[in-house]
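The values are calculated or read from the model by the stated rules, or taken from the named source; none is laboratory data. Just so it is clear, the structure is predicted and the values come from calculations on it, not from any experiment. Neighbour counts run over all protein chains shown; Cβ positions are idealised from the backbone, glycine included. Note: accessible area is taken over every heavy atom of the protein model, side chains too, but ligands, DNA and RNA are not part of it. Shrake-Rupley method; radii C 1.70, N 1.55, O 1.52, S 1.80 Å.
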Amino acid sequence: MLIVDDHPIVLEGTKNLFKEDDDIVVDTESDATCVLQRIKEKPYHIYLIDINMPLENGITLARNIKAIQSNAAIILYTGDDITDYYSLILERKIEGILAKTASKEHILRTVRAIGSGEIVLPINFLDFLDNRFKLQDAKLDIHLNEKEKKILRLIAEGHTNRAIAIELNIPQRTTERYLTQLFTLLNVDSRTEAVDLAERMNLL
């Protein structure tokens, strides 16, 4: 398994979770831009990837890894609310997602299950699926301006509110106001629902 995280302390701490497990060989990488060249020489079975990294976010990296290694198993690792990324599991074929606050036992269980070809999902993933099916029945006439479309694309790529603010060169508070307005326009309650609805209605 390769762990990719730009924070050295988090990277080392995550690696240490597996030090007593002889059947899981763990390597680490702190520079996301080095991963693709590295795995061309040495591919891994599982990739545990931090979502929010400055040089290349984990969602983009996961997509690029899949492009050159289709059988790679990807687990996204984040300090954000993991429910914001549930749509990735279905739409981008991400095998799993873990919160950085998850217990050691939960992380080990998830890695082992995915390594065995299984998937471990939180129980509230069922609520996400239920909401997804309800949204499929929505008949909405929605038109987004270019700024709203750009914000949606940034959300879909996994950018945080702070990252979106930097990209748009606006204060974070303004970004949060835009998001609230966008969610109201789309009649959704979360990032996941917003991106899911926008993609299905070809709004992006």
Place a +1 charge on the Cβ of each Lys and Arg in the stretch 1-99 and a -1 charge on the Cβ of each Asp and Glu, then give the dipole magnitude about the Cα centre in debye, rounded to the nearest 20. 480 debye
Over the chain, what is the relative contact order in whole percent, taking alpha-carbon pairs under 8 Å and six or more residues apart? 16 percent
Calculate what fraction, in whole %, of the accessible area of the stretch 11-96 sits on carbon and sulfur atoms when a 1.4 Å probe is rolled over the protein chains. 48 percent
What's the magnitude of the charge dipole for the chain around its Cα centre, counting Lys and Arg as +1 and Asp and Glu as -1 at the beta-carbon? Answer in Debye, nearest 20. 460 debye
Positive end of the charge dipole of the stretch 2-94 (Lys, Arg +1 and Asp, Glu -1 on Cβ, about the Cα centre): tell me which of PRO54, ILE65, THR33 has its Cα farthest that way. ILE65
Entries of LYS42/LYS150; LYS15/LYS93; LYS40/LYS93 with Cα pairs more than 27 Å apart: LYS42/LYS150
Ranking GLY13, ASN187, ALA99 by how far each Cα lies towards the positive end of the charge dipole of the chain (+1 on Lys and Arg Cβ, -1 on Asp and Glu Cβ), the top one is ASN187
Residue-normalised accessible area of the chain, given per residue in Å² at a 1.4 Å probe: 54 Å²
So if I take the centroid of the Cα atoms in the stretch 1-38 and the same for the stretch 149-204, what is the distance between those two points in Å? 31 Å
Test of understanding: extend the Cα→C-beta vector of ARG112 to 7 Å, then name every residue of the stretch 1-36 with backbone N under 18 Å from that spot. 1, 15-26
